[in-house]
Amino acid sequence: MELNRLDFNPRSRSSYEVFDLAILLTKKNFVALFSIYFTLVFPFFFIFGLLLGWSWSVFIVWWLKPLFERPLLDYLSKVIFNQRASIRSSIKAIFKLSLVNALTHLTFLRLSPNRALLAPVEQLENLSGERKKARKMLLFSSNKPKQTLWMLFCVHLELILMTGITGLVIALTPDSFSLEDQLYQFQSDPTWVSISFNFIYIISISLIAPLFVTGGFLAYLHRRIELEGWDLELKFKNMRSRLTNILPVLCLLISALFITATPKTYAQAIDKETIKDEVTSLYAEKDVIEKKTTWFPDFEELKENDEDNSTSPFLVFFSWIGLGLGYFAWFLVGGLALLLVYYAYKHKGFFKNRESTEKINKGVKHVIPTLFTDIKQADTPSDLMLAAKQAYEEGNIRLTLAYLLQFSLIWLQEKHNIVLHHSMTEKECLKAINKQIPVSQQVVFERLFKCWVRVAWAHQDAEFDFDELVDAINSLQSKDAQEPTS
């Protein structure tokens, strides 16, 4: 390693100074580091998402993070020493890892906060066996690099980024989608919601991974600076380069000094007794030597005073008050904990509580999705089937299908306890309905939704028999009414 090509001044730094330096170097090389990491992570996320599902895909990406961090380390090890580095060559570095080291970091050391600090020992120094073990022990011999604190800092940054990006996405959604409806989407878990939120996680870890790897690598370099004295070595090299031209002149000057004759001098005899008397007289003077009186407590006397005061009624009274307040505080904490446990057991979570509240209020107010822009809640007729017949006779097919759909959704919520939300689309409504009703009844609602989409959104004529469709809906109602009595 050419220490004079380092991108920073090699000197002894505290762990917090190393963290500051890591942020500066990450800002300098962020575009390349982010490109390397995202190029590796996104294909894994996309392929495993299609094969296993998007939740499993995110879990696999999270588990393989130690492998994805190795190309970043390869790029940093070259850039920090001002060597040529490319994104393609750094990505290829992942294939140079041994299978044993990869499995070790994906099993035993997967949750270790020191993986970014210890990775250079295997990847850059190419150590193995006892030499690798001794090297790792030497890195932790005296000074702790606070890698656990660094990992917690990066994890919190990931959470802050995920929350911020998620809030931004929700804030940019149209006004017809309320925040409450967006939270309810987690219950039905549509595909686009799963892909969106999992992709936000991929973006978050891709933004923070360069910072985490840079902090671990700089902690490794500064441990080597302390252990091997890189700063001293670099100073001596700089001194040698500066003194190269001055050294001949210094040699001539020293030679001239030795050649010059010096006069002979003779030592005088020393009277030891006289010197001793002078030193003693100096110590005896008050203003010559500064003196300081130090007070040492008498612990025996203090102990006796404490024993005498402990029998004081005043102190006994306040000691009992302090003891009682302590027990009361612990009782209060325990009561709050039990109250929280009871509340969690009673309501079983935020979303389930909201869902049960909505089911209780089904008879009072039905949830109708906002896809029926033709009908306002205030203008909803009391007899939807009669209103649908009148609209059909007037030739308003769109309004006819809207009344039939709204009548069907209200009946389904009352009879089959189907949970609907204001922001649901036609496809999501049909998916929620098919989960709750028999297969024999699904054909009617699939036909009804198909006609609605064809008329409302495609602006095409829907070929359907109104009387036949109404009879099919009424027959479903009559079958459900006969089921309890049969």
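The values are calculated or read from the model by the stated rules, or taken from the named source; none is laboratory data. Note that the structure is predicted; figures quoted are calculated from it, not measured. With ideal geometry, Cβ positions are generated from the backbone for all residues, glycine too; neighbour counts draw on all protein chains shown.
Tabulated results
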read-out	value
Boolean, Ser57 is under 25 Å from Tyr16 (Cβ atoms), among the hydroxyl-bearing types (Ser, Thr, Tyr), in contact (Cβ under 8 Å) with a residue 60 or more places away in the chain and touching a Phe, Trp or Tyr at 6+ places or on another chain (Cβ under 9 Å)	no
Hey, Asp383 at pLDDT below 80 and not polar (S, T, N, Q) or not	no
Enumeration of residues in region 70-112 that are under 23 Å from the mean Cα position of the chain (by Cα), surrounded by fewer than 19 Cβ atoms within 10 Å (Cβ to Cβ), closer than 22 Å to Ala22 by Cβ and in contact (Cβ under 8 Å) with a residue 24 or more places away in the chain	Leu109
Filter result for Ile160 (modelled with pLDDT of 85 or more and not in a loop (DSSP other than H, G, I, E, B))	yes
Residue check, Phe197 part of a helix (DSSP H, G or I) and either of a type in the set (Ser, Thr, Tyr) or at pLDDT 60 or above (or both)	yes
Residue selected from region 147-172 under the condition under 9 Å from the mean Cα position of the chain (by Cα) and of a type in the set (A, V, I, L, M), by the criterion nearest to Ser112 (Cα to Cα)	Leu152
Enumerated helices (runs of 4 or more DSSP H) restricted to region 413-486, each holding at least 2 residues that are over 46 Å from the mean Cα position of the chain (by Cα)	439-456, 466-482
